[in-house]
Amino acid sequence: MKNSVSMDTIVSLCKRRGFIFQSSEIYGGLSGAWDYGPLGAELKRNIKDAWWKANVHDREDMVGLDASILMHPETWNASGHTQNFTDQLVDCKACKRRFRADHVGDSCPACGAKDFTEARAFNLMLKTHLGAMEDSSSVVYLRPETAQGIFVNFMNVRDTSRKRLPFGIAQIGKSFRNEITPGNFTFRTREFEQMEIEFFTHPGEAQEWHKRWIEDRFQWYVNLGMTPDRLRLRKHGEDELAHYSVGCTDIEYEFPFGWSELEGIANRTDFDLKQHAQFSGKDLKYKDSVTQEEVIPFVIEPSGGVDRATLAFLVDAYHEEQVNDSPRVVLRFHKKLAPIKVAVLPLLKKSSEIVSKAKAIKADLQKNVTCVYDDTASIGKLYRRQDGWGRCCA
Ligand code: GAP
């Protein structure tokens with residue numbers, strides 16, 4: 001089922017209804033940053049809760065973690081981000097604008113000139129300084145992925161949770177990248193949230209677990225009502241693989257701007273644990289409490305974006321209906337994701353008896369579900385308003 005809604009329609013709907021606003025809008029906005037309004041904050045929270053429930057609470061082989069955004073700078077030397085987390089950039093010599101080398105053809109997309117500088121590597125990590133001194137000794141980075149917080153805590157979690165292989169650690173949190181070309185609304189931003197799992201397995205079982213996680217993660221989106229025809233798997237070619245990965249399959253969604261990545265599921269081998277063991281000088285081998293076997297586990301990493309999932313669920317929920325020859329927009333969400341589960345709308349707002357009963361019902365319901373009370377318009381308008389805020393449809 002092809003998606004016919006345009007991104008302009010989604011962007012203006014999100015602003016009008018209070019799902020997503022431009023960051024710092026009153027100052028003209030900040031490129032690559034967005035704010036979630038009252039309905040957007042509920043939707044995003046529901047997506048994260050559904051992810052945490054499916055991947056942590058409902059499984060025996062997973063535990064959660066909430067690591068800090070700021071990490072020891074050596075982390076990024078060990079992970080390879082200092083050297084490899086780069087885009088190739090060129091400058092147009094005529095208009096001085098800067099572009100990703102793979103985004104320009106023969107001529108400058110801005111002014112048409114054909115005179116570029118040589119491509120040079122630009123690191124995407126955002127830098128800041130800790131403490132009072134602003135020199136090279138105080139540089140730290142805002143994490144570009146949550147994954148490394150999991151790897152550096154592998155020993156702590158292994159020792160305290162007493163999990164035996166295979167087991168995984170899940171984390172949801174903010175990441176930051178100095179993207180050269182943020183765009184497509186919240187699809188590519190400079191500040192975003194990730195939902196990441198690092199699943200540790202015996203090296204010989206990694207392939208099998210990779211397959212299982214690809215299936216599980218695909219099914220998660222379908223279980224939450226996403227149209228299966230707008231989802232597909234795409235296996236990376238050799239030339240696309242990140243420096244740490246020997247295999248990766250993306251889950252893609254058919255956005256209005258085309259098929260694009262929601263989540264990647266990579267086989268990271270034992271790269272990260274080996275690197276951190278070497279750089280920290282700590283023993284990060286897994287020692288089995290029963291068999292006494294010692295091994296550096298392989299890692300399967302399902303890594304998705306909260307903002308991309310939120311955008312895809314919003315696009316997927318968008319429906320137009322004809323009611324009495326006039327169009328009506330309805331957002332049809334799975335009941336676990338709908339920002340508001342129940343609306344209490346009194347038929348007669350002039351009847352104090354009905355109003356107080358309706359308010360009592362709302363007070364009772366809100367102990368368990370998100371609900372609203374509304375008596376500020378005619379019943380037809382109130383229904384329509386609720387359809388625009390999102391209807392539970394599964
Ligand atoms: N730890 C692996 C990792 O970070 P990635 O493919 O670079 O892999 C994983 O990112 C997911 O994070 C992506 O599938 C996407 O959903 C989300 N993501 C990455 N960069 C993003 C950005 N600039 N804006 C929004 N989401 C982003």
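Please verify whether the range 160-174 includes one or more residues that are in contact (Cβ under 8 Å) with a residue 60 or more places away in the chain, crowded, with 17+ Cβ neighbours inside 10 Å, within 29 Å of Leu314 (Cα to Cα) and of a type in the set (Phe, Trp, Tyr).
no
Just checking, which of Met195, Met226 is part of a loop (DSSP other than H, G, I, E, B), surrounded by 15 or more Cβ atoms within 10 Å (Cβ to Cβ) and either modelled with pLDDT under 95 or within 16 Å of the ligand (Cβ to nearest atom) (or both)?
Just one listed residue meets the conditions, Met226.
State the number of residues belonging to the range 302-336 that are farther than 17 Å from Lys48 by Cα and within 16 Å of the ligand (Cβ to nearest atom).
Number of matching residues: 2.
Does Leu70 satisfy the criteria of being under 20 Å from the mean Cα position of the chain (by Cα) and either more than 28 Å from Val315 (Cα to Cα) or of a type in the set (Ser, Thr, Tyr) (or both)? First the steps, then the outcome.
Working: under 20 Å from the mean Cα position of the chain (by Cα): yes; either more than 28 Å from Val315 (Cα to Cα) or of a type in the set (Ser, Thr, Tyr) (or both): yes.
When the stated conditions are applied, Leu70 passes them.
Enumerate the pairs (first residue in the range 70-90 and within 23 Å of Val299 (Cα to Cα); second residue anywhere and basic (Lys, Arg) and modelled with pLDDT of 95 or more) with beta-carbon separation below 7 Å, excluding pairs fewer than 6 apart on the same chain, so at least 6 apart or on different chains.
Listed pairs, sorted by first residue: Met71/Arg143.
Could you list, in sequence order, the residues of the range 16-39 that are in contact (Cβ under 8 Å) with a residue 12 or more places away in the chain and basic (Lys, Arg)?
The answer is Arg17, and nothing else.
Being in a helix (DSSP H, G or I) and buried (at least 17 other Cβ atoms within 10 Å of the Cβ) is the filter here, so list the residues in the range 12-42 that pass it.
Taking the range 12-42 first, the residues in a helix (DSSP H, G or I) are 12-17, 25-27, 38-42.
Of everything in the range 12-42, those that are in a helix (DSSP H, G or I) and buried (at least 17 other Cβ atoms within 10 Å of the Cβ) turn out to be Leu13, Cys14, Arg17, Leu39, Gly40, Glu42.
Every residue in the range 356-394 that is of a type in the set (Val, Ile, Thr) and in contact with a Phe, Trp or Tyr (Cβ under 9 Å, 6 or more places away or on another chain), please.
Answer for the range 356-394, where residues must be of a type in the set (Val, Ile, Thr) and in contact with a Phe, Trp or Tyr (Cβ under 9 Å, 6 or more places away or on another chain): Ile361, Val372.
Could you list, in sequence order, all residues of the range 203-241 that are of a type in the set (A, V, I, L, M) and touching a residue at least 40 places away in the same chain (Cβ under 8 Å)?
Correct list: Ala206, Ile214, Leu224, Met226.
Do you know which residues across the range 46-90 are in a helix (DSSP H, G or I), surrounded by 15 or more Cβ atoms within 10 Å (Cβ to Cβ) and not aromatic (Phe, Trp, Tyr)?
Asn46, Ile47, Lys48, Ala50, Ala54, Asn55, Val56, Thr75, Ala78, Ser79, His81, Thr82
Select from the range 175-190 the residues that are in contact with a Ser or Thr (Cβ under 8 Å, 6 or more places away or on another chain) and part of a loop (DSSP other than H, G, I, E, B) and write down the one among them that is farthest from the ligand (Cβ to nearest atom).
Only one residue fits best here, namely Asn184.
I'm trying to understand the selection: among the residues of the range 255-293, which are within 23 Å of His210 (Cβ to Cβ) and in a strand (DSSP E or B)?
Step one: filter the range 255-293 for residues within 23 Å of His210 (Cβ to Cβ), giving 259-277, 284-286, 288, 293.
Listed by number, the residues that qualify are Trp259, Ser260, Glu261, Leu262, Glu263, Gly264, Ile265, Ala266, Asn267, Arg268, Thr269, Tyr286.
Which count do you get for residues in the range 293-309 that are of a type in the set (Val, Ile, Thr), out of contact with any His (no Cβ under 6 Å at 6 or more places or on another chain) and buried (at least 24 other Cβ atoms within 10 Å of the Cβ)? Give the derivation first.
First pass over the range 293-309, keeping only residues of a type in the set (Val, Ile, Thr): 295-296, 299-300, 306.
This time we only want the ones that are out of contact with any His (no Cβ under 6 Å at 6 or more places or on another chain), so: 295-296, 299, 306.
With the extra rule that they be buried (at least 24 other Cβ atoms within 10 Å of the Cβ), the set shrinks to 299.
The total comes to 1.
Among the residues of the range 320-340, how many are in contact with a helix residue (DSSP H, G or I) (Cβ under 9 Å, 6 or more places away or on another chain) and either in a strand (DSSP E or B) or farther than 14 Å from Cys14 by Cα (or both)?
The qualifying residues number 13.
Given (1) of a type in the set (A, V, I, L, M); (2) in contact with a helix residue (DSSP H, G or I) (Cβ under 7 Å, 6 or more places away or on another chain); (3) more than 18 Å from Asp283 (Cβ to Cβ); (4) buried (at least 16 other Cβ atoms within 10 Å of the Cβ), identify the lone condition not met by Ala147.
Going through the list (1) of a type in the set (A, V, I, L, M); (2) in contact with a helix residue (DSSP H, G or I) (Cβ under 7 Å, 6 or more places away or on another chain); (3) more than 18 Å from Asp283 (Cβ to Cβ); (4) buried (at least 16 other Cβ atoms within 10 Å of the Cβ), Ala147 breaks only (2).
Taking the residues in the range 311-370 that are basic (Lys, Arg) and exposed (fewer than 14 other Cβ atoms within 10 Å of the Cβ) as candidates, determine which candidate is farthest from Phe255 (Cα to Cα).
The selected residue is Lys350.
Of everything in the range 234-254, what is in a strand (DSSP E or B) and either under 20 Å from the mean Cα position of the chain (by Cα) or within 11 Å of the ligand (Cβ to nearest atom) (or both)? Give them in sequence order.
Matches in the range 234-254: Arg234, Lys235, Cys248, Thr249, Asp250, Ile251, Glu252, Tyr253, Glu254.
The values are calculated or read from the model by the stated rules, or taken from the named source; none is laboratory data. Everything numeric in this text was worked out from a predicted model, so none of it was measured. All Cβ positions, even for glycine, are placed from backbone atoms using ideal geometry, and neighbour counts span all protein chains on display.
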